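Below is one structure, written out as structure tokens; comments come after it.
The values are calculated or read from the model by the stated rules, or taken from the named source; none is laboratory data. The structure presented is a predicted model; accordingly, all values stated were derived computationally and were not measured. Note: ideal-geometry Cβ built from the backbone for every residue, glycine included; neighbour counts use all protein chains shown.
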Amino acid sequence: MAFDFITEQLAERHRQGLYRCSTSMSGAQGRLLHVADKTYLNFSSNDYLGMAADPKLIKAWQKGAELYGIGSGGSYLVTGFNQTHQALCDQLKLWLGVESVALFSSGYSANQAIIKLLLKKPDLLFQDKLNHASLMEAALLSDCTMRRFKHNNVDHLESLLSISNKSSTLDGNKLIISEGVFSMDGDTAPVNTLHATAKKYDAWLMIDDAHGLGVVGENGKGSVEACGIANKNLQIYMATFGKALGVGGAFVAGSKELINYINNFSKPYIYSTGLPPAMAYTITQAAKMAETQDWRRDKLQVLITTFRKTATNLGISLTDSQTAIQPIIIGDSVKTLQIADKLKTLGFWTTAIRPPTVAVGTARLRITLTVNHEENDVVQLVNAIYRVLNDK
Ligand SMILES: *Cc1c(COP(=O)(O)O)cnc(C)c1O
């Protein structure tokens, strides 16, 4: 039968406890999640700064729609780039101190665009083992050679780079990619040593800062600045608007020349409809808020400290993540799912993250803290986790 793998693989996913489906939620993102007729405390969203339903941003979206309309009407090189898109690019340049910016509809598409655009045979791509699926999959679409280095292990990266330096068949351009804050682990990349190593081997460095922008660094400038390196000294900085900025879409920042090259040669950039102007207008306001409202980062820090302290006091083992992403590694997929389900019955929504999103044997509860929480919410969550883990 044609395409019978569809039925077989779905059945296999069911058997392994790895089947996935979306849950339909009502209302806006926030402290609470409403599913069917139940309400849960939401510890699952990437809305770290609590912006996804901010009243000011909802107003901005409405005003943006009135001023500029809802659809861009075309791709960026046709009618799809108007002054709201320009204002967004300008705001990002000012805030992040980068030279130039290209907008994309999603981080997924931005990552695919960059890898497909810049690398071919005999080029080499070095990726942290825990990089996001969009980066890993993009490598499969390119004819470059990919090498994965052990998570956050610059010595391993360096050994791979030195082998490639000696090989005459692998003498193309080299690109190193790491996430800034790792999406499923919450730990941060050693961007300064990655940067020095890239320089030593004449490689470029790209940081995917989907979970760092707005959250870490002075004025929320992200993981690169947090490591003491100016964003403009990095060859490629990529981040999304759908996480801490609470909206959606993404951008790539780099030299004017790199961005001109994207504008002229990147198919996902050229052949895709521009972000809705009302959305670009909203993201610009969100970026301004993320830059200036330090209280959001300060509050998040308090919640992170409360979470870690309370959990440690109860003997719950944590990873060393210091960010808003606080995983609790369980190991077994089915068990992780059961724990998440029990937490739901107690009124807490966390996500059971299972393979293939994370490595086999490292299924986890992915807990995310956001500015929408109060300290007491976090204490209640940790108490519930303690009860579930200890069957009390
Ligand atoms: C979410 C995410 C992306 C994809 O961004 P979207 O805008 O959601 O498509 C890319 N990289 C990382 C690390 C992410 O977490």
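Please verify whether the range 176-192 includes one or more residues that are more than 19 Å from L124 (Cα to Cα), hydrophobic (A, V, I, L, M, F, W, C), away from the ligand (no atom under 13 Å from the Cβ) and assigned by TED's automatic domain parsing to the domain that holds S105.
The answer is yes; a qualifying residue exists.
When you go through (1) in a helix (DSSP H, G or I); (2) within 21 Å of the chain's Cα centre (by Cα); (3) not basic (K, R) one by one for I177, which number turns out not to apply?
(1)
Return the residues of the range 69-88 that are buried (at least 19 other Cβ atoms within 10 Å of the Cβ) and either without any contact (Cβ under 8 Å) to a residue 60 or more places away in the chain or of a type in the set (V, I, T) (or both); say none if nothing qualifies.
Within the range 69-88, T84 is the sole residue that qualifies.
Scan the range 141-160 and tell me whether some residue there is among the hydrophobic types (A, V, I, L, M, F, W, C), within 16 Å of the ligand (Cβ to nearest atom) and over 17 Å from Y237 (Cβ atoms).
yes
Where residues in the range 225-244 are in contact with a Phe, Trp or Tyr (Cβ under 6 Å, 6 or more places away or on another chain) and not small (G, A, S), which of them is nearest to L57 (Cα to Cα)?
That would be N231.
Looking at (1) among the basic types (K, R); (2) touching a residue at least 60 places away in the same chain (Cβ under 8 Å); (3) surrounded by fewer than 23 Cβ atoms within 10 Å (Cβ to Cβ), which one does R364 not meet, given that it meets all the others?
Of (1) among the basic types (K, R); (2) touching a residue at least 60 places away in the same chain (Cβ under 8 Å); (3) surrounded by fewer than 23 Cβ atoms within 10 Å (Cβ to Cβ), only one is false for R364: (3).
Residues G212, G228, G242, G217: which one is free of Cβ contacts under 8 Å to residues at least 24 places away in the same chain and farther than 15 Å from V154 by Cα?
After applying the criteria, what remains is G217.
Just one of (1) closer than 19 Å to I259 by Cβ; (2) more than 16 Å from the ligand (Cβ to nearest atom) trips up K63, so point out which.
Failing condition for K63: (1).
Which of the following residues is within 16 Å of the ligand (Cβ to nearest atom) and either in the same structural domain as G254 (by TED's automatic domain parsing) or touching a residue at least 40 places away in the same chain (Cβ under 8 Å) (or both): I115, I163?
Checking each option against the conditions leaves just I115.
Go through the residues of the range 331-351 one by one and say whether even a single one is under 20 Å from A36 (Cα atoms), β-branched (V, I, T) and touching a strand residue (DSSP E or B) at 6+ places or on another chain (Cβ under 9 Å).
Yes, because at least one residue in the range 331-351 is under 20 Å from A36 (Cα atoms), β-branched (V, I, T) and touching a strand residue (DSSP E or B) at 6+ places or on another chain (Cβ under 9 Å).
Are any residues in the range 156-172 out of contact with any Leu (no Cβ under 7 Å at 6 or more places or on another chain) and either aliphatic (A, V, I, L, M) or not in a helix (DSSP H, G or I) (or both), and if so, which ones?
Within the range 156-172, L157, L160, L161, I163, S167, D171 qualify.
Would you please name the residue that is nearest to T188 (Cα to Cα), looking only at residues in the range 146-167 that are at pLDDT below 95 and among the hydroxyl-bearing types (S, T, Y)?
Only one residue tops the list, namely S162.
Consider L170 carefully, then state whether it is of a type outside the set (D, E) and either within 15 Å of the ligand (Cβ to nearest atom) or modelled with pLDDT under 95 (or both).
When the stated conditions are applied, L170 passes them.
Specify which of the listed residues (V388, V371, V334) is of a type in the set (V, I, T) and over 29 Å from A53 (Cβ atoms).
Step by step, each of V388, V371, V334 is checked, and only V334 is of a type in the set (V, I, T) and over 29 Å from A53 (Cβ atoms).
Scanning the range 76-106 for residues that are farther than 14 Å from A280 by Cα and hydroxyl-bearing (S, T, Y), which turns out farthest from the chain's Cα centre (by Cα)?
T79
Looking at the range 94-112, which of the residues that are away from the ligand (no atom under 16 Å from the Cβ) and touching a residue at least 60 places away in the same chain (Cβ under 8 Å) is nearest to I259 (Cα to Cα)?
Among those that are away from the ligand (no atom under 16 Å from the Cβ) and touching a residue at least 60 places away in the same chain (Cβ under 8 Å), it is S100.
So S72 passes all but one of these: (1) in the same structural domain as L337 (by TED's automatic domain parsing); (2) outside any strand (DSSP E or B). Which condition number does it fail?
Against the list (1) in the same structural domain as L337 (by TED's automatic domain parsing); (2) outside any strand (DSSP E or B), S72 comes up short only on (1).
Name the residue that is nearest to H85 (Cα to Cα), counting only residues in the range 280-328 that are modelled with pLDDT of 95 or more and of a type in the set (D, E).
E291
Kindly list the number of the only condition in (1) touching a Leu at 6+ places or on another chain (Cβ under 6 Å); (2) farther than 19 Å from L337 by Cβ that fails for A2.
(1)
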